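J.: Can you keep this structure in mind? I'll have questions shortly.
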Amino acid sequence: MKFAVWIPLFDELSDPLEVARLAAAAEEAGWDGFFLWDQLWWRAPIREVSDPWITMSAMATATERLWIGPMVSPIARRRPTKLLRETTTLDRLSGGRLILGVGLGSDRFAQEYSKTGEELDDRVRAERLDETLDILAAGWTGEPVRHHGRHYLVDDGQFLPRPVNGRVPVWVAGFPGKAKPVQRAARYDGFFPVNLTSPEQVAEPAAVLRSVRGSLDGYDIAVALEPAADPRPYAEAGATWCLTDTDPETLRLADVRALVAAGPSR
């Protein structure tokens, strides 16, 4: 199992230079990854929020081995071609260390969609998510992209250079018990079941993914656990990554420094 620090860019953690320093320290302490929330804002008492994409660029230049990525990005609110350029550029800047975590997101946590005029219908956002992933996959090949979908158009556009390893790994997030995110995740490189309460919520989708794909060799399943939790039952259930799950409204810079310095609980 691999281990990653996973934090929101809120308040004391909204300084991109400080987060880049934390990433460098995490690499030195033996962590395998460092992932960031992708939010526009958060509910009170949180006031300051930074952009994960700019912050990840700083992290990429401060590290050499650490996997980085948004975990997760609600890409239905992004323009696919802009995201295609951004992911490829960040992947190349990091030397091929980007993992793209994607999901539908939700308006219920911070009203990010209703307050900015974004689409509220989950089904429509799911359609946009799938179209965006299709455009990314096609664009990363370096071949001309011809996509005429319900929501997006790319008419014979070519996107070069390519990612370092030919494509960027994609992890799909979903709530336990939801079938469609698992079906979507089976087409990509990983699954991130969020808001877990037991290892069984990992074992069930792992079995489905194994059945659909034929094998889970080279496939990742990520779980978010409190730092004191025992990851072994989740690893036995099929998890390959463990992310630190912390309370965004109480998390402080000193807490993350201590967490990073302690190293992963292997």
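J.: If you check every pair at least six apart or on different chains, which have Cβ atoms under 8 Å apart with a residue in the range 29-51 that is over 13 Å from residue 264 (Cβ atoms) first and a residue that is small (Gly, Ala, Ser) and crowded, with 20+ Cβ neighbours inside 10 Å second?
T.: From the range 29-51, the pairs are 35/4; 35/69; 35/101; 36/69; 38/73.
J.: Looking at the range 79-120 only, could you name the residues that are charged (D, E, K, R) and at pLDDT 95 or above? Don't jump to the end; show me each part of the working.
T.: Quick first cut of the range 79-120, residues charged (D, E, K, R) only: 79, 82, 85-86, 91-92, 97, 107-108, 112, 115, 118-119.
Scanning the range 79-120 gives 79, 82, 85, 86, 91, 92, 97.
J.: Name the single residue, out of those in the range 91-122 being open to solvent by less than 10 Å² (accessible area, probe 1.4 Å) and within 17 Å of residue 55 (Cβ to Cβ), that is nearest to the chain's Cα centre (by Cα).
T.: Top of the filtered list is 101.
J.: Separate question: Can you tell which of 189, 220 is crowded, with 17+ Cβ neighbours inside 10 Å, touching an Asp or Glu at 6+ places or on another chain (Cβ under 7 Å) and of a type in the set (Asp, Glu)? Walk me through how you get there before you give the answer.
T.: On the way: 189 fails: crowded, with 17+ Cβ neighbours inside 10 Å.
Of 189, 220, the one residue that is crowded, with 17+ Cβ neighbours inside 10 Å, touching an Asp or Glu at 6+ places or on another chain (Cβ under 7 Å) and of a type in the set (Asp, Glu) is 220.
J.: Also, quick follow-up: Do the conditions hold for residue 153, that is, is it at pLDDT 95 or above and either closer than 24 Å to residue 57 by Cα or within 17 Å of the chain's Cα centre (by Cα) (or both)?
T.: no
J.: Here is a follow-up. List the pairs whose first member sits in the range 228-251 and is exposed (fewer than 13 other Cβ atoms within 10 Å of the Cβ), whose second member is in a loop (DSSP other than H, G, I, E, B), and whose Cβ atoms are under 9 Å apart, counting only residues at least 6 apart or on separate chains?
T.: From residues that are exposed (fewer than 13 other Cβ atoms within 10 Å of the Cβ), the pairs are 228/265; 230/265; 236/199.
J.: I've got another one for you. Quick check on residue 138: is it open to solvent by less than 40 Å² (accessible area, probe 1.4 Å) and either free of Cβ contacts under 8 Å to residues at least 24 places away in the same chain or assigned to a loop (DSSP other than H, G, I, E, B) (or both)?
T.: When the stated conditions are applied, residue 138 passes them.
J.: Would you kindly identify the helices (runs of 4 or more DSSP H) lying entirely within the range 148-266 that contain at least 3 residues that are touching a helix residue (DSSP H, G or I) at 6+ places or on another chain (Cβ under 8 Å)? Steps first, please.
T.: Numbers: elements: 179-185, 200-213, 232-237, 253-262.
Result: 179-185, 200-213, 253-262.
J.: Collect the residues in the range 163-186 that are open to solvent by less than 100 Å² (accessible area, probe 1.4 Å) and charged (D, E, K, R), keeping them in residue-number order.
T.: Hits for the range 163-186 are 167, 184.
J.: Out of the residues in the range 3-19 that are open to solvent by 10 Å² or more (accessible area, probe 1.4 Å) and of a type in the set (A, V, I, L, M, F, W, C), state the one that is farthest from the chain's Cα centre (by Cα).
T.: 17
The values are calculated or read from the model by the stated rules, or taken from the named source; none is laboratory data. Keep in mind it's a predicted model, so treat the numbers as computed, not measured. FYI the Cβ positions are ideal-geometry reconstructions off the backbone, even for glycines, and counts take in every protein chain you see. Side chains are part of the model used for accessible areas, which takes the heavy atoms of the whole protein and leaves out ligands, DNA and RNA. Shrake-Rupley method; radii C 1.70, N 1.55, O 1.52, S 1.80 Å.
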